[in-house]
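Step one of this worksheet: look at the structure below.
The values are calculated or read from the model by the stated rules, or taken from the named source; none is laboratory data. If you're wondering where the values come from, they're calculated on a predicted model, not measured in any experiment. As a convention, Cβ positions derive from the backbone with ideal geometry for all residues, glycine included, and neighbour counts pool all protein chains shown.
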Amino acid sequence: MSVQKILAISGKPGLYELKLQTRTGFVAESLLDGKRITVGMRSNVSLLSEIAVYTYSEEIRLFDVFKAIATKENDGLAISHKENDDKLRSYFREILPEFDEDRVYTSDIKKVLNWYNTLQPKGLVTVEALSKEDAKEETAE
């Protein structure tokens, strides 16, 4: 499984892996329970590889944020996304000190931490795995 095929589907809980494309959309498998669903073209779907976090100077790719969390936590789990808002913001400030506090909401931080904690037990967001993905992207360019 590659982190490049991980999806967030609006209105559906958790994350999904893109399995195959169909004429009317695609088939995705839940990372939470393994159930497969068909997703139509009208659904709002985001590839995690295309998501970025605002900073004061630029946008940082989500996987670079995941790499910073993995480095801080020695490839372990991050704090729970259910912590209070102040604790979440201060934790995120440790990981990404220059994040734009006006444009990155607490709900965004909760999503990032929830997604990280979903992907981490599957070995997809370790420093080593994310470094390999970076190397693949550089050779593709």
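Things worth noting here:
- Criterion applied to LYS110, LYS87 was being more than 25 Å from GLY34 (Cα to Cα) and out of contact with any Phe, Trp or Tyr (no Cβ under 7 Å at 6 or more places or on another chain), and the one residue passing it is LYS87.
- Put simply, of LEU20, LEU62, LEU47, LEU88 the only residue that is under 17 Å from SER2 (Cβ atoms) and either buried (at least 16 other Cβ atoms within 10 Å of the Cβ) or in contact with a His (Cβ under 6 Å, 6 or more places away or on another chain) (or both) is LEU62.
- Odd one out for THR71 among (1) surrounded by fewer than 18 Cβ atoms within 10 Å (Cβ to Cβ); (2) among the β-branched types (Val, Ile, Thr); (3) touching a strand residue (DSSP E or B) at 6+ places or on another chain (Cβ under 9 Å): (3)
- Failed item, numbered, when TYR54 is tested on (1) at pLDDT below 95; (2) crowded, with 16+ Cβ neighbours inside 10 Å; (3) more than 12 Å from the chain's Cα centre (by Cα): (1)
- Failed condition for ALA68, given (1) in a helix (DSSP H, G or I); (2) more than 21 Å from LYS122 (Cα to Cα); (3) hydrophobic (A, V, I, L, M, F, W, C): (2)
- Boolean, LEU77 is in a strand (DSSP E or B) and closer than 16 Å to LEU124 by Cα: no
- Qualifying residue in the range 102-112 (condition: within 17 Å of VAL3 (Cα to Cα), outside any loop (DSSP other than H, G, I, E, B) and not assigned by TED's automatic domain parsing to the domain that holds LEU15): yes
- Count of the range 34-65 residues which are farther than 30 Å from ARG23 by Cβ, of a type in the set (Lys, Arg) and part of a loop (DSSP other than H, G, I, E, B): 0
- Single unsatisfied condition, THR24 versus (1) β-branched (Val, Ile, Thr); (2) within 29 Å of ARG103 (Cβ to Cβ); (3) in contact with a strand residue (DSSP E or B) (Cβ under 8 Å, 6 or more places away or on another chain): (2)
- Failed item, numbered, when LYS72 is tested on (1) in contact with a Ser or Thr (Cβ under 7 Å, 6 or more places away or on another chain); (2) free of Cβ contacts under 8 Å to residues at least 40 places away in the same chain; (3) assigned by TED's automatic domain parsing to the domain that holds LYS132: (1)
- Whichever residue in the range 103-134 is more than 14 Å from the chain's Cα centre (by Cα) and modelled with pLDDT of 95 or more and, among such residues, is surrounded by the most Cβ atoms within 10 Å (Cβ to Cβ): VAL104
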